1. Which of the helices in chain B, when you take each full DSSP H run, stretch at least 20 Å along the axis at their Cα atoms and have an average Kyte-Doolittle score of 0.0 or higher?
2. Over all distinct alpha-carbon pairs, what is the Kirkwood Rh of chain A in angstrom?
3. Would you compute, from DSSP H runs of 4+ residues alone, the mean residue ellipticity of chain A at 222 nm, taking -39500 (n - 2.57) per run and dividing by the full residue count, rounded to the nearest 500?
4. For A:Val86, enumerate residues with amide H under 5 Å from its amide H, sequence gap 5+ or separate chain, H modeled in the peptide plane.
5. Would you grab the residues whose amide H sits under 5 Å from the one on A:Ile232? Only those 5+ places off in sequence or on another chain, please, with H modelled 1.01 Å from N.
6. Taking the dipole about the Cα centre of the range B:2-277, with the C-beta of Lys and Arg at +1 and of Asp and Glu at -1, give me whichever of B:Gly11, B:Ala270, B:Ile254 is farthest to the positive side.
7. Would you please classify the overall shape of the range A:159-285 from the alpha carbon gyration tensor, given that a ≥ b ≥ c denote the square roots of the eigenvalues, rounded means a/c under 1.5, and beyond that prolate means a/b larger than b/c while oblate covers the rest?
8. Cα centroids of the range B:17-74 and the range A:345-389: how far apart, whole angstrom?
Amino acid sequence: MSISRRTLLRNTAALGAFAGAGLPHIWIKNADLAYAAGGEIKVGVLFSLTGTTAIIEESLNKATLLAIEEINAAGGIKGSKIVPIVEDPASDPATFSEKARKLVVGDKCVSVFGSYTSASRKAVLPVFERQNNLYWYPTLYEGRECSKNVIYTGAVPNQQQDEFVPWLVKKFGKKFYLIGSNYIYPKEENNYCKKLLEKLGGEVVAEEYVPLGHSEFSSVINKIRSTQPNVIFSTVVGDSVVALHRQYKAAGLDPEKMPMASLTTSENEVAAMGGEAAAGHFTSAPYFMVHKSPENEKFVEAYKKRWGADKVTHFVSEACYFQTYLFKQAVEKLATSDLTPPNIRDAVKGQEMVAPQGKVRIEPENLHTWLWPKIAQAKSNGQFEILVEAKDWLKPVPYAAYPGQSCTEKGLVEKS
Amino acid sequence: MDQFIEQIVTGLSIGSILLLVALGLSIIYGSMGIINLAHGEFVMLGAYAAWVFHTYLGLGLLASLVPIFLVVAAFGWVIERYVLSLLNNRPLDTILATWGVGIMLQQAVRLMVGSELRYVQLPPALSDSMSVFGIPVSSYRVFLFVVSIALFGATWLLMNRTTVGMKLRAIIQDRSVAASFGINAKRVYALTFAYGAGLAGLAGALVSPLKSVSPDMGTGYVVDAFMVVVLGGVQSLAGTVASAFILGELSGGIAFLQNDTVAKAIVLLAIVVLIRFRPEGLFTARVRA
C-alpha cells in the first residue's frame with residue numbers, strides 16, 4: 001500500500017481530531033478538580049522582581065498581592081482561598097515565557113496576572129493562546145492586539161490621547177516635539193498622536209527615539225531649544241524619564257512655556273526624579289494617587305499600611321488592584337465545577353466594578369476596559385493635581401489608529 | 001554659529017561625564033591590568049552613598065563627596081584584598097571574579113534598599129543655568145566639567161609626582177624586580193584598586209543628580225567607561241582624557257544631527273573599526289618591556 005503525503009496528512013489530522021474530541025473528557029474532569037482543589041484557587045503572579053523593569057514591576061506585584069490578601073481576609077471567593085504563586089521572570093522575555101508555561105502547565109493556575117512591558121506580554125502570549133489560559137495585563141499599552149486569552153485593564157492610545165492632545169493644542173499651541181524610547185509602544189502612541197494632530201491642524205517639529213535606558217539628553221535639549229515646540233510629547237519610559245526631566249530642569253527650560261506632556265510619567269517616576277524636576281509637566285492617565293473617591297482612599301491607605309508609608313500608588317498598580325477584584329467577580333459567577341480559564345473569560349465580559357479611578361467595565365467585544373481619562377499636572381510635592389476629569393468613561397478602541405481594523409468577539413476584523 | 005558653539009559645549013559636558021566615569025577604570029585597567037567588570041557597581045555604590053548621606057544624615061551632595069570617596073575606596077580595598085589578590089590578580093580569573101562581585105553588589109543593594117529609583121537632590125547653589133560663550137548651560141554641568149578636570153589633574157600628580165605613584169609605575173614595568181627593591185606590590189595594588197574604586201564612587205555620586213539612581217544603573221556606565229579606555233589606549237591617562245572628549249563631541253554631535261540611537265551605533269562602530277587598525281588605542285604610553 002502506498003501512502004501519499006496527502007492521505008498521510010489527512011489520516012493524521014483525523015486521528016488528531018479524534019484525540020481532541022475523545023481524550024479531553026477525562027482531562028477536563030481532572031483539570032476541574034485541579035483548578036479549585038481543596039478550597040484553593042491557584043493564580044499566577046508574574047512580575048519581575050529583579051532586572052531592569054523590577055523598578056516598576058515590584059509595585060505591581062505588591063498591588064496584586066494586596067488585593068488577593070484582602071479578598072482572602074474577607075472570606076475568599078465563595079469559601080475558596082486564592083493562592084498566589086509568585087514567579088520572578090527577571091525582566092527577560094524568554095524567562096517570562098518559561099515561567100508562564102510553568103504556572104499554566106505545571107501549577108495549573110486558572111489565570112495569571114502579569115507583565116509590564118509589551119515585549120514580555122508578546123513573549124507569553126503564545127503560551128496562553130495554546131493552553132487556552134487567561135492572562136491579566138494591567139499596563140497601559142499601544143493597542144493593536146486582539147487576543148481571546150488576555151484581559152487588558154490598562155489604557156489604550158485613544159483613552160489617553162483623545163482628550164489630552166486637543167487640550168494641549170488649545171492650551172499651549174500646535175507645535176509638538178515627539179520624543180520616545182526606541183521600541184514599539186512609543187512609536188504606536190506617536191502614530192496615533194500624529195493622526196490627532198493632523199485633524200487639529202497641528203505640526204510635528206520632530207519625532208525622535210532614544211535607546212532604552214538612555215540617560216544623556218543634552219543634544220535632545222539643544223534640538224528642543226532650536227525647534228521651539230509648544231509641547232514636548234513624551235513617551236520616554238523607565239529611568240530615562242528621570243534623566244530627561246532632570247536635565248530639562250538643569251538646562252533652565254520653563255515648563256510654563258514648553259511643558260512636557262507624558263503618557264508614562266506616574267507618581268513612581270516623579271518620586272524618583274524629585275518633585276522640583278517634575279513640577280509643571282503634564283500626564284494623561286485614568287488614575288492618579290490624589291484622585292478623590294472613597295474607593296481610592298481605601299486603596300491608598302491599605303497599600304501604605306501593607307507596604308510602607310513612603311510608597312506610592314500609580315496608574316498601573318491601580319489596574320493590578322482592580323483587575324484582581326474583577327477576577328473575583330467573574331469566578332463568583334461560576335459553579336466550582338465550571339472553573340476553567342475560558343469560562344472565567346466569558347464570565348468577566350461586561351463585568352463592572354467601582355475601582356479607585358471610578359466605575360470600570362470589561363468591554364465584551366475586545367476584552368479591554370472602559371476607563372476614566374484624566375489630565376493632571378505634577379506638583380513639587382511629588383503628587384499630581386488633576387486638572388481635567390472625563391465626564392464619561394471612555395470605550396477602549398485598541399485599533400483606533402487603524403480605521404480599517406477592529407477587534408471583535410470573533411477576533412480581528414478587517415473592513416475592506 | 002550659535003548652534004555650533006552650543007553643540008561643542010554640550011560635547012564637552014558629555015565628555016566630562018565620560019571622563020569622570022572612566023578615570024577610575026583607566027587607573028585600575030591601565031596599571032594593574034585588571035578588567036574590572038564591577039566598575040559600574042562602584043559607580044552605583046557611590047550614587048547610593050550620596051542618597052544615603054542625603055536621606056539619613058541630611059548631608060548635601062557637595063559635603064558628602066569626601067566621605068563617599070572614602071567609603072567606596074574602602075569597599076574597593078576590601079575586594080582587592082580578599083578577592084582579587086587571592087587570585088594573584090590574574091586577568092582572566094579577575095574578569096570572572098569582578099563580574100560576580102558586580103552581580104552580588106547589585107542584588108545586595110536591591111535587597112537592602114529596594115529596587116525603586118532613588119533621588120539625589122541637585123545642590124541648590126548649582127541648580128540654575130549660567131552663560132558660557134553666550135550659551136545657556138546648566139551650572140551643574142559646568143561644575144562637573146571643572147571637577148572632572150581637577151580629578152584628572154590630581155590623578156596625574158598622584159601617578160607622576162608621589163612615591164606611591166612611582167612605586168606603582170615600577171611595578172607596572174616589572175613586578176618581580178620592583179619587589180626585589182623592597183616595594184610591597186600587594187599594598188600598592190590594594191591602594192591603587194581602592195583609589196580607582198573611590199573615583200568610580202565619586203563619579204556615581206556626581207552624576208546622580210542629572211541621571212537616575214537604581215541598582216542596575218552601573219551596567220550602562222561600565223560600557224561607556226570601557227569604550228573610553230579602550231579608545232584612549234590602556235596605560236595612558238592623557239589618552240583617556242582625549243578619548244572621553246572625542247567620544248563626547250562625537251556622540252553629542254551625531255545625536256544632534258541624527259538621533260541618539262544612531263549616535264550610539266555609529267560611535268560603537270567607529271571604535272570597532274579603529275581598534276581593528278590600531279589595537280593599542282589612539283594614545284599609548286611608551287613603556288620599556
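1. Long hydrophobic helices here: B:2-27, B:39-57, B:65-79, B:91-113, B:139-161, B:185-207, B:218-232, B:237-257, B:260-277.
2. 22.5 Å
3. Value at 222 nm, helices only: -13000 deg cm²/dmol.
4. A:Val45
5. Residues meeting the amide H criterion: A:Tyr177, A:Met260, A:Ala261.
6. Of the options given, the answer is B:Ala270.
7. Judged from the Cα gyration tensor, the range A:159-285 comes out rounded (a/c under 1.5).
8. If we compute the Cα centre of each part, the gap is 43 Å.
The values are calculated or read from the model by the stated rules, or taken from the named source; none is laboratory data. Bear in mind that the values here come from a model prediction, so they are computed numbers and not experimental data. Because the Cβ atoms are built from the backbone with ideal geometry, glycine has one as well, and the counts that use them run over all protein chains shown. Surface areas here come from the heavy atoms of the whole protein model, side chains and all, with no ligands, DNA or RNA. Shrake-Rupley method; radii C 1.70, N 1.55, O 1.52, S 1.80 Å.
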